[in-house]
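S.K.: Let me begin by handing over the structure; questions about it come next.
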Amino acid sequence: MQSGLLSGFNWNTYMIATSTLEISAKAYRQNIRYIRSEIGPKPTISAVVKGNAYGHGISQMVEIAEKAGIRHFSTFSSDEAWEVWDRSKKESEIMIMGMLHLEELEELIAKGISFYVFDFERLEKAIAISKEIGIPAKVHIEVETGFHRTGFDWDQREKLAEMLAKNYSFISIIGLCTHYAGAESVSNFVRVKNQIALYHEFKDFFNSQGIAFKTYHTACSAATLIFPETIMDMVRIGIAGYGFWPTKETFFAKLNSLPKGKKDPLKRLITWKSTVMSLKAVKTGEFVGYGNSYMALENIRLAIVPVGYGHGYSRLLSNQGMVLIKGQHCQVVGTVMMNAIAVNVSKIKDLKAGDEVVLIGKQGGKEITVSSFSESTQQVNYEMLTRLPKNIPRKIIL
Ligand SMILES: Cc1ncc(COP(=O)(O)O)c(C=O)c1O
C-alpha cells in the first residue's frame, strides 16, 4: 500500500505505453497456408522465433503459431527457448540453433529441448550428461557448408562420425543441418548451390558410416521459396511467417507462380500505432527540433508523437519518415528524438491530442509498409523489426 501523496494512485497507469504493436493471427494463418502450399503436406514447419520473434514478441507468436497448428519452434539462444517453453501449451518441440551455456545443458536435456551441436566440446558434454542422467540429449549436428558461422568442418567428419557411432545409444541424433549464406539474393546463387552439394556429401558420408538422422533440414524462408531442393524433412521459417519476402528478388522470382491476379500471398502481421501527444504551431522561418535540419518555409502545424529512436523509430527517418493520421500521410520534420517525433499536420483538420497515429500499417485506405520504412533507413526488414523494444505492448488481433 502506498501512503501520503500517492495513496489512491493507480500504478497500472505506468503500464500504458506510448505506442502499441498489433499482431494479426489471421495474417499468420495465411502465411503458413502459403508456405504449406509451397512445401507440400509432409515437411515440418519450424517457426523461427529468435530476436523476440523478429520483434513480434515470443509469447504472442507462440500462442498464434500453436493455434495455427505449428508444433516446432527454433530459437537462437537458450533464454528464448525457455520463453517458448513457458508459453507453449501444446508441448511443442523447441530447437536452439545457437547459444547456450554448458551449465544449462542438464536442464535442457532433461526438458527435452533440442539444440545444435557444432563443436566437440558441446558434443562431449551432452554425451556425458546424457549418460549421467539417463536421458538422451536431442542433438542436431550442424555442418559447415560455406556460411562460416558455426558448423563442423569437412575434415572433422571422421572424428565426429566415430563419436556419434560410439554414443548412438546415449544421445538422440535428431537432425543434420546447415544454413545458407544468402539464398535470398541471386548474387549468391553459385555459393548456395555449392553449399547444397557439400551438405549432400556430408549426408552421404554419415550414411556410409551407418549414421542416419531423423530429420534433415537446411532451408530458411528464401531457400524454401527459391531452392525447392532444400526442402527436406523440415523447413525453418522466419521472415516469411511474419509476412515479408526475404528480398524483392525472392518476390519477383515467385511472381509468375503466384495464383491468378498475382495478389501477394504473404501478409504482414504487424501494425504499429501511437497517438498524438500534443499540437504546436510554428511560424515561417522558425526551426523545428534539435539543430537546424528543418526550417518552416510557411506557417505550419505540428503533431508531436511520443515515439522516438529509443522505441525503434530510426534516427535516419529524420525529415523523411511518414506516418498516417486521419488517413493521410504526414511527414516527420526535424530530427527523430529519443522519445518523440514531430510530424507536419498542417493539412489535417480537427486534429486533437489522443488521435490515432499509424507508424506501420493501414489507416483510411493508405498504408505504411515495413519495407518503405526500412528502405529509407537502409535497414533490412529483419533489423527494423528486431529493434522494436520488448517493452512496447504487443496485442494479438484475431
Ligand atoms: C539457422 C537459421 N535457420 C533459419 C533462419 C530463418 O531465416 P529466415 O528468417 O530468412 O526464414 C535463420 C535466420 O536467420 C537461421 O539463422
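S.K.: Of the residues in the stretch 49-106, how many are within 23 Å of Phe118 (Cβ to Cβ), in contact (Cβ under 8 Å) with a residue 60 or more places away in the chain and more than 16 Å from the ligand (Cβ to nearest atom)?
M.R.: Counting residues in the stretch 49-106 that are within 23 Å of Phe118 (Cβ to Cβ), in contact (Cβ under 8 Å) with a residue 60 or more places away in the chain and more than 16 Å from the ligand (Cβ to nearest atom) gives 0.
S.K.: Identify all residues within the stretch 164-178 that are exposed (fewer than 15 other Cβ atoms within 10 Å of the Cβ) and either within 16 Å of the ligand (Cβ to nearest atom) or part of a helix (DSSP H, G or I) (or both); write none if there are none. Steps first, please.
M.R.: Taking the stretch 164-178 and keeping what is exposed (fewer than 15 other Cβ atoms within 10 Å of the Cβ), we get 165-166, 168-169.
Those that are exposed (fewer than 15 other Cβ atoms within 10 Å of the Cβ) and either within 16 Å of the ligand (Cβ to nearest atom) or part of a helix (DSSP H, G or I) (or both): Ala165, Lys166.
S.K.: Would you kindly identify the helices (runs of 4 or more DSSP H) lying entirely within the stretch 47-133 that contain at least 2 residues that are among the charged types (D, E, K, R) and surrounded by fewer than 17 Cβ atoms within 10 Å (Cβ to Cβ)?
M.R.: Output list reads 78-87, 105-111, 120-133.
S.K.: Continuing with the same structure: If you scan the stretch 17-58, which residues turn out to be of a type in the set (Gly, Ala, Ser) and touching a Ser or Thr at 6+ places or on another chain (Cβ under 6 Å)?
M.R.: Residues of the stretch 17-58 that are of a type in the set (Gly, Ala, Ser), as a first pass: 17, 19, 24-25, 27, 37, 40, 46-47, 51, 53, 55, 57.
Hits for the stretch 17-58 are Ser19, Ser46, Gly51, Gly55.
S.K.: Report, ordered by the first and then the second residue, all pairs with beta carbons closer than 7 Å, sequence separation of six or more or different chains, a first member in the stretch 214-227 that is free of Cβ contacts under 8 Å to residues at least 12 places away in the same chain and assigned to a strand (DSSP E or B), and a second member that is within 8 Å of the ligand (Cβ to nearest atom) and charged (D, E, K, R).
M.R.: The qualifying pairs do not exist here.
S.K.: Determine the pairs where a residue that is among the charged types (D, E, K, R), located within the stretch 148-171, has a partner that is not in a helix (DSSP H, G or I) with Cβ atoms under 6 Å apart, the partner being 6 or more residues away or on another chain.
M.R.: Filtered contacts from the stretch 148-171: Asp153/Glu144.
Yes/no per residue for (1) basic (Lys, Arg); (2) away from the ligand (no atom under 13 Å from the Cβ); (3) part of a helix (DSSP H, G or I); (4) at pLDDT below 95:
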position: Tyr180; (1), (2), (3), (4): no, no, no, no
position: Phe189; (1), (2), (3), (4): no, yes, yes, yes
position: Gln195; (1), (2), (3), (4): no, no, yes, no
position: Ala253; (1), (2), (3), (4): no, yes, yes, yes
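S.K.: So Ala137 clears everything in (1) more than 13 Å from the ligand (Cβ to nearest atom); (2) farther than 23 Å from Glu93 by Cβ; (3) among the small types (Gly, Ala, Ser) except one condition, right? Which one?
M.R.: It is condition (2) that Ala137 fails.
S.K.: Further question on the same structure: Which of the following residues is within 16 Å of the ligand (Cβ to nearest atom), modelled with pLDDT of 95 or more and crowded, with 18+ Cβ neighbours inside 10 Å: Ala296, Ala240, Ala303? Lay out the reasoning, then the answer.
M.R.: Working: Ala296 fails: within 16 Å of the ligand (Cβ to nearest atom); Ala303 fails: within 16 Å of the ligand (Cβ to nearest atom).
When all the criteria are applied, what remains is Ala240.
S.K.: Name the one entry in Val192, Val235 that is touching a Phe, Trp or Tyr at 6+ places or on another chain (Cβ under 6 Å) and either touching a residue at least 12 places away in the same chain (Cβ under 8 Å) or not assigned by TED's automatic domain parsing to the domain that holds Leu108 (or both).
M.R.: Testing whether each residue is touching a Phe, Trp or Tyr at 6+ places or on another chain (Cβ under 6 Å) and either touching a residue at least 12 places away in the same chain (Cβ under 8 Å) or not assigned by TED's automatic domain parsing to the domain that holds Leu108 (or both) leaves just Val192.
S.K.: Residues to consider are Val186, Val139; find the one that is under 20 Å from Ile237 (Cα atoms), in contact with a strand residue (DSSP E or B) (Cβ under 6 Å, 6 or more places away or on another chain) and assigned by TED's automatic domain parsing to the domain that holds Phe205.
M.R.: Of Val186, Val139, the one residue that is under 20 Å from Ile237 (Cα atoms), in contact with a strand residue (DSSP E or B) (Cβ under 6 Å, 6 or more places away or on another chain) and assigned by TED's automatic domain parsing to the domain that holds Phe205 is Val139.
The values are calculated or read from the model by the stated rules, or taken from the named source; none is laboratory data. In this text, all values refer to a predicted model and were calculated from it rather than measured experimentally. Backbone-built Cβ (ideal geometry, glycine too); neighbour counts: all protein chains shown.
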